[in-house]
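Engineer: Please find one structure pasted underneath; my questions will follow.
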Amino acid sequence: MAITSAMVHGAAPRQAPLADDAPLISAAEAGDGVVGDLLAVEALLGRAARRRSGPLVTVLRPAAVVGPAVDTMLTRHFEAPRLLTVRGVEREWQFTHVDDVGSAVALVLDQRLRGQFTVGHPDVLTAREVEAAAGMRRIELAAVTAFGAAERLHRVGALPAPASELAYTVYPWTVTGAGLLAAGWEPRWSATQCLDVLLEGVQGRTALAGRRLGARDAAAVGAAGAAVAMIGTAAVWRRARARRRP
């Protein structure tokens, strides 16, 4: 058995909850970051399962995992001064506590389940509910502006993840968890409880573009916030200038 992530299915605007048999994105779409690594692992598992004498393989693909000491791109998203959103997209947030991932593993082993299963509590939160609970304001940019800026930052080494992985913080990738739920899996941690755990874990931390900042970097927070505002202002200025042209 292996545990990867539902990120291998991709994130996209207006994407419906992902079923257990949802297609995987391509390596080209994933890029050279964490998702690309997860797809490489899944490719190896797939080849092993297709061998005539190969092992029976079960893959669990959880939604965004939270819990004590869990440190991921998604948890660091909540360490930023503001929550980045893409204009016109109201994504839902789904979290899975690491304890519930453990209970899913126990169920698979106990029932000898085989195949691929998404892992996620059916309970989800709206973007507005998450913002209110986190006490954070949003910064809203057009998709072309947000992804363009992320690409430039990654190119110069300021952003550790490829721009393609920004999609997982601004677009939905919720899962149904249908197979495990039908088999009797009962997650104990609700979306609200998971968010509380996440927010408690990031208290006192600040991250920008996926990088965690220490106390000596406090001045960079203001500078980065100004840079984000300038990117948005420049985009608005360019559109206004284009409209004035005859």
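Engineer: Name the pairs: first residue in segment 186-200 and part of a helix (DSSP H, G or I), second residue modelled with pLDDT under 95 and of a type in the set (Asp, Glu), Cβ to Cβ under 8 Å, at least 6 apart or on different chains?
Structural biologist: Filtered contacts from segment 186-200: 191/123; 192/123.
Engineer: Which residues, counting only those in segment 108-121, are more than 25 Å from the chain's Cα centre (by Cα) and either among the hydrophobic types (A, V, I, L, M, F, W, C) or within 13 Å of residue 186 (Cα to Cα) (or both)?
Structural biologist: Selection gives 109, 113.
Engineer: Can you pull out every residue in segment 4-39 that is among the aliphatic types (A, V, I, L, M) and surrounded by fewer than 17 Cβ atoms within 10 Å (Cβ to Cβ)?
Structural biologist: Within segment 4-39, 12, 16, 19, 27, 28 qualify.
Engineer: Taking segment 14-52 on its own, how many of its residues are farther than 18 Å from residue 74 by Cβ and part of a loop (DSSP other than H, G, I, E, B)?
Structural biologist: Final tally of qualifying residues: 12.
Engineer: Taking residue 61 and the conditions (1) in contact with a strand residue (DSSP E or B) (Cβ under 6 Å, 6 or more places away or on another chain); (2) without any contact (Cβ under 8 Å) to a residue 40 or more places away in the chain, which numbered condition does it fall short on, given that it satisfies the others?
Structural biologist: (2)
Engineer: When the residues of segment 156-185 are narrowed to those that are within 12 Å of the chain's Cα centre (by Cα), of a type in the set (Phe, Trp, Tyr) and assigned to a loop (DSSP other than H, G, I, E, B), which ends up farthest from residue 94 (Cα to Cα)?
Structural biologist: Selected residue: 171.
Engineer: Filtering segment 71-108 down to residues that are assigned to a helix (DSSP H, G or I), out of contact with any helix residue (DSSP H, G or I) (no Cβ under 6 Å at 6 or more places or on another chain) and of a type in the set (Gly, Ala, Ser), which residue is farthest from residue 14 (Cα to Cα)?
Structural biologist: Checking each candidate, the answer is 106.
The values are calculated or read from the model by the stated rules, or taken from the named source; none is laboratory data. Predicted model only: the values in this text are computed from it and were never measured. Don't worry about glycine lacking a Cβ; one is built from the backbone with ideal geometry, like all the others, and counts go over all protein chains shown.
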